[in-house]
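Notes follow the structure.
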Amino acid sequence: MADQSESSNTARRVAGEEDAVDGVRPLHVASPTNSHELEETFREATRLRTHFVLSGNRTKIDWGLAPRALELGVDLSRMPVIVEHEASDLVVRVSTNVSLDDLQLQLRQKHQRLALDTVVPNTTIGGMIATGLAGPLRYGFGSVRDLIIGATVVRPDGVRAATGGRVVKNVAGYDLAKLYTGSYGTLGAVTEAFFRLHALPETSQFLIFDISLHDIRSFSQLVLFSQVAPSAFEIRDACDGSGIQLGILLEGFEASVRERTSSLAGSLGQEPRVLSHPPEWWGSLPEDTTFKVTLEVASSQEFMAQMHEISGSSGQRLLVTGSIGSGVLFVGASQADRLPAEEIENLTHQVRSAATRAGGFCVVLRAPMGVRRSVDVWGTIPALSVMKRIKAQFDPFDLLAPGRFVGGI
Amino acid sequence: MNVPQALLDRLREIITDDQDLISDPALLRTFECDGLAHYRVTPMVVVLPTTVAQVSAIVRVCHEMEIPFVARGNGTGLSAGALPVGDGVLITLSKFREIHEIDRANQRAVVDPGVINLDVSKAASAAGLYYAPDPSSQQICSIGGNVAENSGGAHCLKYGFTTHHVTGVEVVLPDGEIVNFGGYKSVDAPGYDLLGAFIGSEGTLGITTKVVVRLLRRPELVKTLLAGFNSTSEAGEAVSAIIASRILPAAIEMMDALAIEAAEKTVQCGYPEGANTVLIVELDGPNVDVSMGIERVQHICESFGATEVRIAKSEAERALIWKGRKSAFAAIGTISPDFIIQDGVIPRTVLPEVLGEIAKLGAAAGIRVANVFHAGDGNLHPLVLFDESVDGELERANAVSGAIIDLCIKHGGSITGEHGVGADKVSYMGKMFNEYDLDTMQLLRCAFDRENLCNPGKVFPTPRLCGEVPGHHRGVHPLVEKGLAELF
Ligand SMILES: Cc1cc2nc3c(=O)[nH]c(=O)nc-3n(C[C@H](O)[C@H](O)[C@H](O)COP(=O)(O)OP(=O)(O)OC[C@H]3O[C@@H](n4cnc5c(N)ncnc54)[C@H](O)[C@@H]3O)c2cc1C
């Protein structure tokens, strides 16, 4: 079925149902196999004013909103695979079609890691950068934007450009790698990235504390002000009165982890369950409809109390997970897709106002199409006018993933 | 440069206190340079606003009258980033001095851009917290300047740079609009990471009028080790071995013989007798980790030929070790009448090789180079020594200094690790990045400052005309032309 377009050698095929992006099916799918073909594909798309959307392993392809228009899918999975691990410099150069798990396997051979978690199974580096999604380790090491030190991007007009570099410390020019991180593929394709790495710890230990709602504030303040230097500080709460779990990851020398465990148990006045492997809920998103909520860390108790209230009153079961230490939580509503549209709207409104009161934001991270169509996925975005001007500079004809991102970008 | 009366009139409406609007040529001269004093331009007028509304109004006037403007913090920058424009307005933020809030529970501080870096930590200390980025200039530089430069410090090896410690900024855009980037006290605000793009943009995307910073818990234990070596390459290998041993020190600093000599002369820091190179390694964190880690570091230093290893036993001993390092730039003045402070980055692993090459460059030109640097992250600060009164020395020193930056680029590093590009390094940008890279960065600039009025002439060798969109066809859509599509 592959046909060759007139001016490029990039493999193209007629799109099928499986190529739909959020219900919108492109006419064709191009699968460039090198940067030159990718640039040519973009240039051609711009010349012909073709609307296009990028995809990797398609694990998060239905996040954000459906594209307003789509003629061409660009599949990045057949691009060359590059992993250059500069172990003694603690950096890696990696092509974005590599899966995060595969990258970690390679880094592990030299006792190193990219200190980011696989939040969505099979995610590629590209998908992780596009969504900027980080898991539990963000408490100790920061998020994707904190660990990316350079990138190669291909702009919607086919121009390839590099930003940042392969050294951690570098302030030459604008930090476009951060701009591309979390941009949902609306500014171009990130084809390669450089990341700062960390050494694997000698030991890791997960401590699980069972607490109740009114202990959240005092417990979390004790952890935040403790000297145990956790690598992760997570919460899991099914909001059904079955109890709240706080998970703390301690890493380092074995003797130190032991000592810190007992010191933390002492100051929290509770013996934790100690696990050498993460509990099954660790770092995974709730199923189905998921809100991403950010908040000021000191407001987490009030926020959780509101989640309990909503959970009890609406007949909804909410499940909250996430980095309570960083103030980034995921609120899952498992039956949202069965609710009538106005109740979903109402639920979104309630979670969002709780987030706003807690000094943060709430976006619908993922949800069945029906849910996303009936709610305001992104909410009110500050400085939106600046974002729109950026989009207009990078993609003046609004061809790349139009309408997927905030404020119609 | 004569100030247009219309501009003065309009600025006077905004700034009513005469002292805060300077147009007297003699007074203007105070503002003609930053820490890189051989670049000098007298601005047309200097304003010292005290409120965001004033900053916004001033910028609006400049925007309307198409007059360039430059923000200035405390003028300690080392890349002529705050260099005024001759026919422009210099907006000094030094009167924005309030620390609005130390929010202990959220571990945040909300501060004005003119607040001195160290003052944030001082204000937070009662809460057991501190602000981690610690440039050597921390007693004099401003937080607004730090945000503009994405400043680092000795401890950024472990803790990162300004960009990792700022969660929100209030910005006056180049057209006068006031906006907020970031999540204020929360992280991960939705939409493009404008905060990440803004930090380190060297005052070219707008003026910072408020900053929310992260505060950290003071570490339980800090240990500082000083090791003397016979050569920089031995010390360099020790650094690599420390990093490979899975320890992440808070800081690893290195000084070579010439830098040690200058420091000893000035502050008598008592570094190991006869050492050709010293390493300062500092570990911080939980007790056991630090105690075990420092033993490992000691062992590594010894096995790589350290002639002497000392671990500070008291705060006084620790302070003395750091005093030598922190005085190094100033101390160079005792061994040379003039010097250039260079700032470049190389991958840590090529450290010994590059130091060898720098020595050769210096020897060939008859110019001495002292080396002081953040060895842990490969950030070199070679000090190129010369005597301006000797004919041709300045030129030779400049040539050596430039060649060092070429070395950094050749080895895959960066032309600047923390001092920024400013006006000083614009000509190197084209060596590190190609025209497409620079063009893409300037797309961002065009989204903020179409008219190129906000700190013009900095960072980029040539401004981009924001109207032009390369590679794009204007006129009738090709598909429409072919009858394949309709416009609607
Ligand atoms: C002895 C010495 C040691 C130093 N050590 C270090 C070090 O260890 N690490 C390091 O990173 N730097 C170091 N520096 C460089 C310098 O201190 C930093 O770059 C600092 O951040 C500059 O702050 P400032 O307030 O002096 O800014 P200025 O020099 O006034 O301005 C610097 C840049 O910031 C812009 N700017 C200032 N305020 C604002 C604002 N409110 N809004 C928008 N733009 C603004 C200016 O336009 C300019 O481009 C050192 C300098 C000296 C003199």
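Values computed for the structure shown
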| item | result |
| --- | --- |
| Residues of region B:165-181 classified as away from the ligand (no atom under 12 Å from the Cβ) and in a loop (DSSP other than H, G, I, E, B), total | 4 |
| Some residue of region B:312-321 being β-branched (Val, Ile, Thr) and under 27 Å from A:LEU264 (Cα atoms) | no |
| Strands (runs of 3 or more DSSP E) contained entirely in region A:72-127, each with at least 1 residues that are open to solvent by 10 Å² or more (accessible area, probe 1.4 Å) and within 14 Å of another protein chain (Cβ to nearest Cβ) | A:83-86, A:91-95 |
| Residue selected from region A:288-309 under the condition without any contact (Cβ under 8 Å) to a residue 60 or more places away in the chain and open to solvent by 10 Å² or more (accessible area, probe 1.4 Å), by the criterion farthest from the other protein chains (Cβ to nearest Cβ) | A:GLU309 |
| Near pairs, Cβ below 6 angstrom, 6+ apart or cross-chain, from region B:185-205 (more than 8 Å from chain A (Cβ to nearest Cβ)) to any residue that is surrounded by fewer than 24 Cβ atoms within 10 Å (Cβ to Cβ) and not in a loop (DSSP other than H, G, I, E, B) | B:LEU205/B:PHE448 |
| Test for B:VAL390: is it in a loop (DSSP other than H, G, I, E, B), surrounded by fewer than 21 Cβ atoms within 10 Å (Cβ to Cβ) and more than 16 Å from the ligand (Cβ to nearest atom) | yes |
| Residue under evaluation B:PHE198, criteria (1) under 24 Å from the mean Cα position of the chain (by Cα); (2) outside the structural domain of B:GLU295 (by TED's automatic domain parsing); (3) away from the ligand (no atom under 14 Å from the Cβ), criterion not met | (3) |
| Criterion (modelled with pLDDT under 95, outside the structural domain of A:LEU147 (by TED's automatic domain parsing), crowded, with 17+ Cβ neighbours inside 10 Å and in a strand (DSSP E or B)) met by exactly one of A:LEU65, A:LEU54 | A:LEU54 |
| Conditions (1) more than 14 Å from the ligand (Cβ to nearest atom); (2) open to solvent by less than 10 Å² (accessible area, probe 1.4 Å); (3) touching a strand residue (DSSP E or B) at 6+ places or on another chain (Cβ under 8 Å); number of the one not met by B:HIS381 | (1) |
| Pairs with Cβ under 6 Å, 6+ apart, first in region B:310-335 and open to solvent by 60 Å² or more (accessible area, probe 1.4 Å), second in a helix (DSSP H, G or I) | B:LYS323/B:VAL267; B:THR334/B:ALA262; B:THR334/B:LYS265; B:THR334/B:THR266 |
| Tally, over region B:402-454, of residues that are within 21 Å of B:GLY145 (Cβ to Cβ), part of a loop (DSSP other than H, G, I, E, B) and either more than 7 Å from chain A (Cβ to nearest Cβ) or at pLDDT below 95 (or both) | 7 |
| Region A:171-194 - residue that is at positive phi and within 9 Å of chain B (Cβ to nearest Cβ) and, of those, farthest from the chain's Cα centre (by Cα) | A:GLY173 |
| Selection status of A:PRO279, assigned to a loop (DSSP other than H, G, I, E, B), touching a residue at least 12 places away in the same chain (Cβ under 8 Å), of a type outside the set (Asp, Glu) and surrounded by 20 or more Cβ atoms within 10 Å (Cβ to Cβ) | no |
| Options B:ALA399, B:ALA375; residue that is within 25 Å of the chain's Cα centre (by Cα), modelled with pLDDT under 95 and more than 11 Å from chain A (Cβ to nearest Cβ) | B:ALA375 |
| Selected residue (criterion: nearest to the chain's Cα centre (by Cα)) from residues of region B:35-68 that are within 20 Å of B:ILE143 (Cβ to Cβ) and within 10 Å of the ligand (Cβ to nearest atom) | B:GLY35 |
| Region B:432-462, residues that are in contact with a Gly (Cβ under 9 Å, 6 or more places away or on another chain) and on the phi > 0 side of the Ramachandran plot | B:ASN455, B:VAL459 |
| Some residue of region A:26-43 being crowded, with 18+ Cβ neighbours inside 10 Å and under 22 Å from A:PRO368 (Cβ atoms) | yes |
| Residue count, region B:139-164 (criterion: in a loop (DSSP other than H, G, I, E, B), open to solvent by less than 30 Å² (accessible area, probe 1.4 Å) and under 24 Å from B:LYS95 (Cβ atoms)) | 3 |
| Any chance A:ARG389 is open to solvent by 40 Å² or more (accessible area, probe 1.4 Å), within 30 Å of A:ALA45 (Cβ to Cβ) and within 14 Å of another protein chain (Cβ to nearest Cβ) | yes |
| Hits in region A:326-341 (condition: open to solvent by 10 Å² or more (accessible area, probe 1.4 Å) and in contact (Cβ under 8 Å) with a residue 12 or more places away in the chain) | A:SER326, A:PHE330, A:SER334, A:GLN335, A:ASP337, A:LEU339, A:ALA341 |
| Residues satisfying the stated conditions in region B:412-427, i.e. crowded, with 21+ Cβ neighbours inside 10 Å and more than 20 Å from B:CYS33 (Cβ to Cβ) | B:GLY413, B:SER414, B:ILE415, B:GLY417 |
| In region B:167-208, residue farthest from A:ARG357 (Cα to Cα) [restricted to those that are among the acidic types (Asp, Glu) and in contact with a Lys or Arg (Cβ under 6 Å, 6 or more places away or on another chain)] | B:GLU202 |
| Some residue of region A:204-223 being at the interface with chain B (Cβ under 9 Å from one of its Cβ atoms), closer than 30 Å to B:MET292 by Cα and of a type in the set (A, V, I, L, M, F, W, C) | no |
| Filter result (within 13 Å of the ligand (Cβ to nearest atom) and of a type in the set (Ser, Thr, Tyr)) within region B:103-130 | none |
| Where a residue in region A:72-91 is on the phi > 0 side of the Ramachandran plot and its partner, wherever it lies, is not hydrophobic (A, V, I, L, M, F, W, C), with Cβ under 9 Å and at least six apart | A:LEU90/A:GLN112; A:LEU90/A:ARG196; A:LEU90/A:HIS198; A:LEU90/B:ARG348 |
| Filter result for the condition that a residue is farther than 19 Å from A:ARG160 by Cα and modelled with pLDDT of 95 or more, over A:VAL21, A:VAL83, A:VAL74 | A:VAL83 |
| In region B:166-183, the residues that are closer than 22 Å to B:THR416 by Cα and at the interface with chain A (Cβ under 10 Å from one of its Cβ atoms) | none |
| Residue in region A:177-198 that is free of Cβ contacts under 8 Å to residues at least 40 places away in the same chain, surrounded by 24 or more Cβ atoms within 10 Å (Cβ to Cβ) and outside the structural domain of A:VAL363 (by TED's automatic domain parsing) present | yes |
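The values are calculated or read from the model by the stated rules, or taken from the named source; none is laboratory data. It should be emphasised that the depicted structure is a prediction, and the values quoted were computed from it without experimental measurement. Positions of Cβ are generated from backbone atoms using ideal geometry, with glycine treated the same way; all protein chains shown enter the neighbour counts. Note: areas computed on protein heavy atoms with side chains; ligands, DNA, RNA excluded. Shrake-Rupley method; radii C 1.70, N 1.55, O 1.52, S 1.80 Å.
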